[in-house]
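> Below is a structure I'd like to ask you about.
The values are calculated or read from the model by the stated rules, or taken from the named source; none is laboratory data. All values reported here derive from a predicted model rather than from experimental measurement. Here the Cβ positions follow ideal geometry from the backbone for every residue, glycine too, while neighbour counts run over all protein chains shown.
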Amino acid sequence: MGIRLLINLVRFVVTYVIATVAVFLFMRAIPGDPAQIALGVNATPELLAKTRAEFGTDRPLLVQYFDWALGLPFGDFGTSYITRQDISPLIIDRVQVSLILVILAMIVALAIAIPFGTYAAVKHRNPSGIVVSGISQIGVAIPNFLAGILLVVVFAVGLGWLPANGWTPPGEDFADFASRVILPVLALASVQGAILTRYVRSAVMEVMSEDYLRTARSKGLGKLESLIKHGLRNASIPVLTVTSVQLAALIIGAVVIERVFVIPGLGSMLLDAVGNRDLLTVQSVVMVLVAITLIINLMVDVLYTVLDPRIRKGA
Amino acid sequence: MSAKKNHVRLAAVVMAGSLALTACSAGSGGGSADGTASKTGVTLALTGEPVNLDFTTTAGAAIPQALMSNVYEGLVEIDQDGEIQPLLAESWELSNGNKTYTFKLREGATFSNGEAFTADDVKFSIERVKSDAWISSLKKKMDVVDSVKVNSDTEVAITLKKPSNAWLFDMGTLVGAIFDPSGVDDLANKAIGTGPYAIDAWNRGQSIEFATRDDYWGEKPAIQTATLRYFADAVATTNALQSGDVDVVYNMQSPELLSSFESDPKYQVLDGTSNGEIILSMNNKKAPFDDKRVRQAVMYAIDRQAVIDTAWNGYGTKVGGPVPTTDPYYEDLNDVYPYDPAKAKSLLKDAGAENLNITFTVPTRPYATAVSEIVVSQLAEVGINAKIESSEFPAVWLDEVFTKHDYQMSVVLAVESRDVLSMFNNPDYYLGYDNSKIKDLAASADAADEAGYVEGMKKVVRTIVDDAAADTLFIFPNIVVADANVTGIPANSVTEALDLTNLGWK
């Protein structure tokens, strides 16, 4: 297990470093000059030169890269040209919002997917199981921003039950937080739940065809009982893999959902920063997203070994 | 780690999750629809949040929109009709061949940090615009100032290098904002002015909250707080209005959403005017638009009323020239190039430009996308095939069109106030208009008396329109949708400021 962890850590660092280079170069390759955007129309060449010097974007690329990248391990992302503020505290503010959104959405998605997926697998020949499976198929096809817009139209604008958008931190006013978080979480979770339902269904169906389940049932256990006692743990490995991949997808989905619901998370910060060509902020937000994804993968790998002793021993 | 412990942990997570969900359903009734029930505040929805609070170094309309008139004040202000009114100056006199303005200043005004407003602050602020501290392109509006002399705490004499009508108007815009010398350390994050409001909180990515100042020198606003909430698009703003989260949607960018509000007595719809012109630009220095006849053909080919009706649901003012209706030298120039496709075709024939293929660079803004399609179809009718090329705004558009002049035709909303000269009296501007005919006219108009200024500028504008330098499609409307009980909303957007001072409830 130790070696496995070490290999994973090395992979983590190498991936991270490659990502920093890629993000940095990409932001330099796309057209648009931060100084020009800051000064807007009518900017004179002299003012532009002055602003570029102030932003540091007139320095050689290597200097700019190391100036930024060497601060990353210490959580020092530099100062944004555009907002004139340190980027780290801004990211910490925003990342909390996005994580709340993503984690709640994943919990709700799993709460939908595990029971319904199992049901659809057990009843895969019954009409009721086919209906569940069909509904999930529709859910997979809906992009989450569309789900978000539909939810707003029905529950906020139409029925007036919930606010259409906005955000209140849970520590400030929990009731208001709750009323504002329901729709975006549902928008993310409904689509995720549908996707995961299909994976849970196929994982459970595969387990159900295994010999040991037939043995368990021949010993007199019921279909559901044998599944819960012997099957779910085995089915959980592929589901966990998909969940981790989907968690990363959910973070990306949150970028769009934050826009629809006007939530000040990492996603809105990223989109604003791209629009303003706030290079340092874009680079730093992307690296935080990369780090979160890599950490999820690392954690999932540890969880595999907990769930499946064969993996633990195999390494 | 044992499997048992893991189960316990999992159970804890599930418990916490379901607890949170129950709390959600319990709380869903409150806080939503009646969040603005306390009528001591007004919440306005806008699109486009300021990136910081410093308009002395950062361009963009969002910063002065939030701060001018509310936090910062000038010696004068521009009212809803475009007229110059006293503000921090009670009165002024002109002397020295119309070159020296002597302002008598208001007594008892203070900055929100407690410092008193005096003539020294006027000198400091104007000289600061001229110094290296300001890196805004607007700073050149103060180039005409020769000297600022403090006569007493309440009197200041400003001498110009030459008489200028434009300068006093500019003093009512952001370059005329009065700062306190001890309040400029961190302009990007702290705004300290003499205005009726101070910034109470800035929730980045969401809103700016203004609180009324108890020590404001003038008449205090009727409300205690004003909140500007920022949204990514127009749909989100009207959703928030319908669910009661905001009271006013200001400068609405999606007129097709208005129909449901126009017929509902719970709401009011204001059709105000702005100082923004939708300019269909043609690169005057590049073929085919270096030929005046081709530009004229475009002017005749486009039915501007149809553009307004199709692209912007009939909102907007047809003017025919690059001057908003609130400017003193405005006149209706629609008759210079009426809609006349036959004439357009014959001009193109004269110019040898039949079956012309051009590229139309369209910035990624709602108005531009809406306008581009009808323009393309009208150009096609006279034999100009325009290919639309989308250009990310502002980043890519500023780079390609504005800086490198690498375009043939584009369309943009020019929002700066009284900007006809900055657009056309500069051959290096992206429009590339040859200003030799208007240069001297403009200079003598600025130095003339007020009547001479208006007459002179009218001549300048007529020359620009005759030369078909660019087609002003329409004046952008300032559409406001609001709760029917909100009063004092400035319907016209004459300068960059969104004045929150007169807001109140019926």
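> Name the single residue that is surrounded by the fewest Cβ atoms within 10 Å (Cβ to Cβ) among those in the stretch A:266-278 being part of a helix (DSSP H, G or I) and not hydrophobic (A, V, I, L, M, F, W, C). I'd like the intermediate steps shown before the answer.
The first filter runs over the stretch A:266-278 and keeps only residues part of a helix (DSSP H, G or I), leaving A:266-275.
Now restrict to residues that are not hydrophobic (A, V, I, L, M, F, W, C): A:267-268, A:272, A:275.
Values: A:Gly267: 24, A:Ser268: 26, A:Asp272: 24, A:Gly275: 19.
Step by step, filter the stretch A:266-278, then rank; the result is A:Gly275.
> Given the conditions (1) at pLDDT 95 or above; (2) surrounded by fewer than 23 Cβ atoms within 10 Å (Cβ to Cβ); (3) of a type in the set (Ser, Thr, Tyr), which single one is not true for B:Ser422?
(1)
Residue by residue, here is whether (1) under 30 Å from B:Asn203 (Cα atoms); (2) touching a strand residue (DSSP E or B) at 6+ places or on another chain (Cβ under 7 Å); (3) among the aromatic types (Phe, Trp, Tyr); (4) within 14 Å of another protein chain (Cβ to nearest Cβ) holds:
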{"position": "A:Glu172", "(1), (2), (3), (4)": "yes, no, no, yes"}
{"position": "A:Pro184", "(1), (2), (3), (4)": "yes, no, no, yes"}
{"position": "A:Ala203", "(1), (2), (3), (4)": "no, no, no, no"}
{"position": "A:Arg233", "(1), (2), (3), (4)": "no, no, no, yes"}
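> Continuing with the same structure: Output the residues belonging to the stretch B:403-418 that are without any contact (Cβ under 8 Å) to a residue 40 or more places away in the chain and in a loop (DSSP other than H, G, I, E, B). I'd like the intermediate steps shown before the answer.
At the first step, the residues of the stretch B:403-418 found to be without any contact (Cβ under 8 Å) to a residue 40 or more places away in the chain are B:403-404, B:406.
Across the stretch B:403-418, the qualifying residues are B:Lys404, B:Asp406.
> Also: Just name the residue that is nearest to B:Met423 (Cα to Cα) out of those in the stretch B:385-399 that are at the interface with chain A (Cβ under 7 Å from one of its Cβ atoms) and of a type outside the set (Val, Ile, Thr). Quick ask: steps written out before the conclusion?
First, pick out the residues of the stretch B:385-399 that are at the interface with chain A (Cβ under 7 Å from one of its Cβ atoms): B:394-396, B:398-399.
After this cut, where a residue has to be of a type outside the set (Val, Ile, Thr) as well, the list is B:394-395, B:398-399.
Values: B:Pro394: 18, B:Ala395: 20, B:Leu398: 15, B:Asp399: 17 Å.
Residue satisfying both the conditions and the ranking: B:Leu398.
> List the number of the failed condition for B:Ser281; all other conditions in (1) surrounded by 23 or more Cβ atoms within 10 Å (Cβ to Cβ); (2) of a type outside the set (Phe, Trp, Tyr); (3) within 14 Å of chain A (Cβ to nearest Cβ); (4) not in a strand (DSSP E or B) hold.
Condition (4) is where B:Ser281 drops out.
> Looking at (1) closer than 21 Å to A:Asp67 by Cβ; (2) acidic (Asp, Glu); (3) without any contact (Cβ under 8 Å) to a residue 60 or more places away in the chain, which is the only condition A:Asp272 fails?
The failed condition is (1).
> Here are B:Tyr329, B:Tyr300: which of them is over 27 Å from B:Thr227 (Cα atoms), in a helix (DSSP H, G or I) and touching a Lys or Arg at 6+ places or on another chain (Cβ under 6 Å)? Steps first, answer last, please.
Details: B:Tyr329 fails: in a helix (DSSP H, G or I).
Going through B:Tyr329, B:Tyr300 in turn, the sole match is B:Tyr300.
> Can you pull out the residues in the stretch A:135-163 that are touching a residue at least 40 places away in the same chain (Cβ under 8 Å) and closer than 22 Å to A:Ile100 by Cα?
Restricting attention to the stretch A:135-163, the residues satisfying the condition of being touching a residue at least 40 places away in the same chain (Cβ under 8 Å) are A:135-140, A:142-145, A:147-149, A:152.
Result: A:Pro143, A:Asn144, A:Phe145, A:Ala147, A:Gly148, A:Ile149, A:Val152.
> Select, from A:Pro163, A:Pro143, the only residue that is at the interface with chain B (Cβ under 10 Å from one of its Cβ atoms) and over 30 Å from A:Glu225 (Cα atoms).
Only one candidate passes the filter, namely A:Pro163.
> Would the stretch B:61-84 turn up any residue that is within 14 Å of chain A (Cβ to nearest Cβ), surrounded by fewer than 22 Cβ atoms within 10 Å (Cβ to Cβ) and among the β-branched types (Val, Ile, Thr)?
Taking every residue of the stretch B:61-84 in turn, none turns out to be within 14 Å of chain A (Cβ to nearest Cβ), surrounded by fewer than 22 Cβ atoms within 10 Å (Cβ to Cβ) and among the β-branched types (Val, Ile, Thr).
> If A:Val242 meets every condition in (1) more than 25 Å from A:Ile107 (Cβ to Cβ); (2) in contact (Cβ under 8 Å) with a residue 24 or more places away in the chain; (3) β-branched (Val, Ile, Thr) apart from one, which number is that one?
A:Val242 satisfies every listed condition except (1).
> Among (1) among the acidic types (Asp, Glu); (2) part of a helix (DSSP H, G or I); (3) surrounded by fewer than 23 Cβ atoms within 10 Å (Cβ to Cβ); (4) within 13 Å of chain B (Cβ to nearest Cβ), where does A:Glu258 come up short?
If we test A:Glu258 against (1) among the acidic types (Asp, Glu); (2) part of a helix (DSSP H, G or I); (3) surrounded by fewer than 23 Cβ atoms within 10 Å (Cβ to Cβ); (4) within 13 Å of chain B (Cβ to nearest Cβ), just (3) comes out false.
> Check the stretch A:66-73 and report whether any residue there is buried (at least 19 other Cβ atoms within 10 Å of the Cβ), out of contact with any strand residue (DSSP E or B) (no Cβ under 7 Å at 6 or more places or on another chain) and assigned to a helix (DSSP H, G or I). Before the answer, list the steps.
Taking the stretch A:66-73 and keeping what is buried (at least 19 other Cβ atoms within 10 Å of the Cβ), we get A:68.
Filter once more, keeping what is out of contact with any strand residue (DSSP E or B) (no Cβ under 7 Å at 6 or more places or on another chain): A:68.
Keeping just the survivors that are assigned to a helix (DSSP H, G or I) gives A:68.
Yes.
> Can you tell me which residue among A:Val95, A:Val132 is within 13 Å of chain B (Cβ to nearest Cβ) and either under 16 Å from the mean Cα position of the chain (by Cα) or not in a loop (DSSP other than H, G, I, E, B) (or both)?
Working: A:Val132 fails: within 13 Å of chain B (Cβ to nearest Cβ).
It is A:Val95.
> Any residue that is free of Cβ contacts under 8 Å to residues at least 24 places away in the same chain, of a type in the set (Lys, Arg) and within 14 Å of chain A (Cβ to nearest Cβ) - is there at least one of those in the stretch B:181-199? Before you say what the answer is, go through the steps one by one.
Applying the first criterion (free of Cβ contacts under 8 Å to residues at least 24 places away in the same chain) to the stretch B:181-199 yields B:185-186.
Remaining after also requiring of a type in the set (Lys, Arg): none.
No, that holds for no residue.
> Can you tell me how many residues in the stretch A:156-193 are of a type in the set (A, V, I, L, M, F, W, C), assigned to a helix (DSSP H, G or I) and modelled with pLDDT under 90?
Step one: of the stretch A:156-193, the residues of a type in the set (A, V, I, L, M, F, W, C) are A:156-157, A:159, A:161-162, A:164, A:167, A:174-175, A:177-178, A:181-183, A:185-189, A:191.
Next cut, assigned to a helix (DSSP H, G or I) only: A:156-157, A:174-175, A:177-178, A:181-183, A:185-189, A:191.
Applying the additional criterion that residues be modelled with pLDDT under 90 yields A:156-157, A:191.
So the count comes out to 3.
> Mind checking which residues of the stretch A:78-92 are of a type in the set (Gly, Ala, Ser) and either within 11 Å of chain B (Cβ to nearest Cβ) or crowded, with 23+ Cβ neighbours inside 10 Å (or both)?
Taking the stretch A:78-92 and keeping what is of a type in the set (Gly, Ala, Ser), we get A:78, A:80, A:88.
A:Ser80 - this is the single residue of the stretch A:78-92 that is of a type in the set (Gly, Ala, Ser) and either within 11 Å of chain B (Cβ to nearest Cβ) or crowded, with 23+ Cβ neighbours inside 10 Å (or both).
> Would you confirm whether any residue within the stretch A:115-128 is over 28 Å from B:Ala62 (Cα atoms), touching a Leu at 6+ places or on another chain (Cβ under 6 Å) and within 14 Å of chain B (Cβ to nearest Cβ)?
Checked the stretch A:115-128: no residue is over 28 Å from B:Ala62 (Cα atoms), touching a Leu at 6+ places or on another chain (Cβ under 6 Å) and within 14 Å of chain B (Cβ to nearest Cβ).
> Also, quick follow-up: So is A:Asp58 assigned to a loop (DSSP other than H, G, I, E, B), without any contact (Cβ under 8 Å) to a residue 60 or more places away in the chain and under 22 Å from B:Thr58 (Cβ atoms) or not?
Numbers: assigned to a loop (DSSP other than H, G, I, E, B): yes; without any contact (Cβ under 8 Å) to a residue 60 or more places away in the chain: yes; under 22 Å from B:Thr58 (Cβ atoms): yes.
So A:Asp58 passes the test.
> Just a yes or no: is a residue in the stretch A:294-312 closer than 24 Å to A:Phe66 by Cα and surrounded by fewer than 21 Cβ atoms within 10 Å (Cβ to Cβ)? Can you show your working first?
From the stretch A:294-312, those closer than 24 Å to A:Phe66 by Cα are A:294-295; that's our starting set.
Filter again for surrounded by fewer than 21 Cβ atoms within 10 Å (Cβ to Cβ), leaving A:294-295.
Checked the stretch A:294-312: at least one residue is closer than 24 Å to A:Phe66 by Cα and surrounded by fewer than 21 Cβ atoms within 10 Å (Cβ to Cβ).
> Now for a different question. Exactly one of (1) assigned to a helix (DSSP H, G or I); (2) buried (at least 20 other Cβ atoms within 10 Å of the Cβ) is unmet by A:Ile263. Its number?
(1)
> Cβ-Cβ under 9 Å, sequence separation 6+ or interchain: first residue in the stretch A:285-296 and more than 14 Å from A:Ala249 (Cα to Cα), partner of a type in the set (S, T, N, Q). Which pairs?
What qualifies is A:Met287/A:Thr20.
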